[in-house]
Structures are given as structure tokens and as C-alpha cells.
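So the structure is just underneath, and the comments pick up after that.
The values are calculated or read from the model by the stated rules, or taken from the named source; none is laboratory data. Computed from a prediction, not measured in an experiment: that's the story for all the values here. Every residue, glycine among them, receives a Cβ derived from its backbone with ideal geometry; neighbour counts consider all protein chains shown. Calculation scope for accessible area: heavy atoms of the full protein, side chains included, ligands and nucleic acids excluded. Shrake-Rupley method; radii C 1.70, N 1.55, O 1.52, S 1.80 Å.
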Amino acid sequence: MSEDKATELFGLMEKFAGYGFNKSHAAAYALIAFQTAYLKAHYPAEFMAACLSADMDDTDKVQIFVEDSIANGLTILPPDINLSDYRFVPVDGKTIRFGVGAVKGTGESAVNSIITIRGQTGPFSDLFDFCNRVDRRIANRRVMESLIRVGAFDTINTNRASLIASVGVAIESAEQMSRAASQTNLFGETGDHSHLQTQPIQTEAWSEREKLHQEKIGLDYYFSGHPFDTYAAELKRFVRTRLDRLNPSREPQLIAGIIHSVRVQMTRRGRMCVINLDDGKARVELVVFRELFPNPPIFNRSMQ
């Protein structure tokens, strides 16, 4: 390169080096990078389980780590009321069990209470058994519904809609059984429980789309699938570029995805809109300028 350009670049480097990365800083970062790269390469399940557990309260980071784990050949087992712990746990070198502490609306005290009861008296057989045994003051209705939404009860009953509809009945049944158990008649006999309902309310199962929607409520992201998957095969015939493979281009590019979020902004020139588009592989921001917003026909259908 020319002497003038070389001098300009060196000046920028020298200025940045005044603080940027002194040797001790660079050496510490290099050591940490080496250590974590070694762990990720040789103990991937243990390393990623630790990363997931460290950032359980940050749903964006959890989603990134889950996607990275899958991309690197790991299997993330779904949350399970009879198998999951509070944190993410490596099952073997290639498998991680989802930690129910990452489910919104649960909380560490509620989850630890459930795990303690499970350890003392064994696995839960159904929702009614769960309500009978847990401390319902801590593991309350909200906790139960959150766990059902994300599939934590699927190994007991795969109909999440039925379980959600039955939570109130199951809690009421457990409370009646608790009151009956504390009372005995004059002969020391326990009360008759035959009148109590112990079967879930039968309802039509959620559609795949509704199931994913409920998962997103419980986790802030889709876990068992993605709504776009329903349309991916059909769209593939004319949409050639996935969002994670977009490259800068002066030519128009045809893309497709599900609207993840919408943000409306006011500018000096009028209203505009920023759409977050998601195809299950990546998310990109699209700007809809005032000339099209708020009346683009496709956008209006998507919002309904």
C-alpha cells in the first residue's frame, strides 16, 4: 500500500493500543479462550450445560446456546417433570437435559421443592398425583401451567391442552383430599375419596402451531420446532436464500419468514416500521418505510 495509507493505518493502531489490548489483558483473554475452546471440543455436553445454566435468566442467551449446541451435534432433551433438575445437566457426552429453571414463571424455590418431593417419594404418575404431593403454596397454579406449556408433563400425558384445562380441577381435588386426610370418623376410618375427580378433562389437543405458540410463552422462543417449518417445503420452490445465508447484494433478494416482532417508529417524514423476520435459522430486521406502511396488504394479513 502507499506510504500515506500505511502511515494512517499505523497511526490508528498506535492510538488504539494506548488502551485497547495491553499485553496482560490480551494474555488473560487468550488463556480463557484456550481453556474454553478445549472444554467445548473435548467435553461439549458439560461445557454447554454450564453455559446454559450460567445464563438461565437470559432467554436470548439460552436460545443462542441451545442453537449452538444443536449445530455442534448435541441433543437437548426437553424439560421433564420426572427427570429434569433446576439447571441444565449433561446426560452423556452428547446429550443435555433441559433445566426447568429456564422456564418462565417457575422460580428456583418452586423447582427445588418439586425436585425434593420427587426424590423423597418417587416419580409423579399424573397431574393429580403431582398436585397431591407438591407444596401448592410454592408450586402454584402458575408454575404448573408454565411447566405444562413447555412440555414438562409430556411423558405423563402428551395432551397439553387437556392438562392446562385440568389444573384447576386437580388443585381442587388435592385440597379436598388434604382436608379429608386430616379428618377421621369416630372409628378411625379415613373419609371416602371416591367422589373426587382424578382424571383430566378431555379436550382436543393443540395444533402444532398452538403448541409452539404456548412453548414461546413459556420460554420466549420456540423449542420443539418452528412455525415456519410448516411452509418451508412449499416456499423452497421459489425462495432460494435462507436468512442465515443472506449476503450483501445490490440486487433484490426474495426472502421469507415469520414475523417475530414489530416496532413502529415516528420519524420526521412520518411513520415507519421495523419488522423482525424469523425463518427458524436466523432473524433479520426489515424496514418498511412510510411509502408502504401502514397499508401494505401482505403486512396487514400477517398482523391479524
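Among residues other than Phe98 with Cβ under 13 Å from its Cβ, the summed charge is -2 (Lys and Arg +1, Asp and Glu -1). For a straight C-alpha distance cut-off of 17 angstrom, the lysines reachable from Lys5 (same-chain residues fewer than eight places away being disregarded) are Lys15. Taking each of Lys61/Lys94; Lys61/Lys236; Lys61/Lys281; Lys104/Lys211; Lys104/Lys236; Lys40/Lys104 in turn, the alpha-carbon distance tops 24 angstrom for Lys61/Lys236; Lys104/Lys236; Lys40/Lys104. What the Cβ-Cβ distance of Glu251 and Leu292 gives, at R0 = 30 Å and to the nearest 0.05, is a FRET efficiency of 0.95.
Take every pair of alpha-carbon atoms less than 8 Å apart whose residues are at least six positions apart; their mean separation over the length of the chain yields a relative contact order of 10 percent. Multiplying the residue separation of Lys61 and Asp229 by 0.36 nm and subtracting their alpha-carbon distance yields 58.2 nm. Computed on protein heavy atoms with a 1.4 Å probe, the accessible areas place Arg290, Arg237, Arg118 in the order Arg237, Arg290, Arg118, largest first. Its residue count N sets the reference 2.2 N^0.38 Å, and the alpha-carbon radius of gyration of region 44-131 equals 1.11 times that reference. The angle separating the long axis of helix 108-121 from the principal Cα axis of greatest extent in the chain is about 50 degrees. Accessible surface ranking for Glu210, Glu14, Glu204, Glu46, 1.4 angstrom probe, highest first: Glu204, Glu14, Glu46, Glu210.
Normalised radius of gyration (Cα atoms, divided by 2.2 N^0.38 Å) for the chain: 1.36. Taking only the alpha carbons of region 92-137, we obtain Rg and Dmax values of 12.2, 38 Å in that order. Helix 23-42: angle to the longest alpha-carbon principal axis of the chain, degrees 0 to 90, nearest 10? Tilt of helix 23-42: around 50 degrees.
In plain terms, the chain from His213 to Arg263 could stretch by 16.0 nm, reckoned as 0.36 nm per residue minus the Cα-Cα distance. Secondary-structure-derived ellipticity at 222 nm for the chain, considering helices only, amounts to -14000 deg cm²/dmol, per-run term -39500 (n - 2.57) for DSSP H runs with n ≥ 4.
Short to long, the 10 Å bins of the Cα pair-distance histogram for region 193-266 hold 14, 29, 29, 14, 7, 5, 2, 0 percent of all pairs. Here the chain has 54 percent of its accessible surface on carbon and sulfur atoms, given a 1.4 Å probe and all protein chains in place.
Annotation for Arg179 and Ile138: the two label points, set 7 Å from Cα along the Cα-Cβ direction, are 2.5 nm apart. Straightening the chain between Glu204 and Leu77 buys 43.2 nm, computed as 0.36 nm per residue apart minus the Cα-Cα spacing.
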